[in-house]
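Please read the structure below before turning to the comments.
The values are calculated or read from the model by the stated rules, or taken from the named source; none is laboratory data. All figures in this text were calculated on a predicted structure; none of them were measured in a lab. Counting neighbours? That spans all protein chains shown, and the Cβs are built from the backbone with ideal geometry, glycine included. Side chains are part of the model used for accessible areas, which takes the heavy atoms of the whole protein and leaves out ligands, DNA and RNA. Shrake-Rupley method; radii C 1.70, N 1.55, O 1.52, S 1.80 Å.
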Amino acid sequence: MITVWIPSLLRSLTGGVAQIEVDAGSLRELIDRMDERHPGIKDRLVSDDRVKPNIAVVVNGVNSRGGLRQTLDDGSEVHFVPAISGGAIHGGAATGCDYQT
């Protein structure tokens, strides 16, 4: 079984559940099985047969580069991480605060 951590933005589709167990051998199979149990999840994660660009997939603590073909082993942990944006780069430093030092 694969342990899947559901980000808060998708929990409305899982009835508030933050973690589910799914039997799957690939990321594609995992998402398909999740969508069978929680309709709408696939539409939020996949577009044009690819993981949406605003979603990072982390498998066992490593950012996945395998896309939907990413293989999964029994006991794997999968996190779907929404992209985080904000702040700005000014003069080589990231800023996002109004305070001065």
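If I model a spin label at L9 and D32 as a point 7 Å from the Cα along the Cα→Cβ vector, what separation in nanometres do I get?
The two pseudo-label positions are separated by 2.6 nm.
With all protein chains present, calculate the accessible area of L30 using a 1.4 Å probe and round the result to the nearest 10 Å².
0 Å²
Long-range amide H contacts for S26: which residues qualify at under 5 Å (H placed 1.01 Å from N, peptide plane, sequence gap of 5 or more or a different chain)?
Here L72 satisfy the definition.
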